[in-house]
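Here, each number is a calculation from the coordinates, and none is a lab measurement. Keep in mind that this is a model prediction, so the values were computed, not measured.
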Amino acid sequence: SRKGFVKLALEQNAWLVPVLSFGENNLFHRMERSTSNSSTIRMIQERLLNLFGCTIPAFFGVGSMPFVASKVGDALDPPGKVPKGENPSAELVDKYHEAYMEALRELYDQHKTPESPPLVFQ
């Protein structure tokens, strides 16, 4: 359930800072995979696969940068101080993890746009 960062913050008496970035998925575009065996890129990828066991991703973008211009926004909430605990209990970790996740939900709701994808925690 990915609560290790909260346990570490409790052990180290660190701040938990809710942070979200919007628009990162729009920075990178993949070249569509060619099904044609005569494609130059496909032939290069096949050769690299045979030589090294993997291929190098083909990037394209503006100049030498492998991404395209897109608006990216960051949002953060004030940090939340957590108490220090040598060996925090599972209940304490759960309490601060839920508070952190709720802060992320509120942050998302404050800054989302109509184009924003739904917020999903896995």
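Tabulated values for the structure
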| item | result |
| --- | --- |
| Candidate lysines - alpha carbon under 22 Å from Lys95, same-chain residues fewer than 8 apart omitted | Lys3, Lys7, Lys81, Lys84 |
| Extended-chain gain in nm, criterion 0.36 nm per residue less alpha-carbon gap, Glu115 and Asn87 | 5.8 nm |
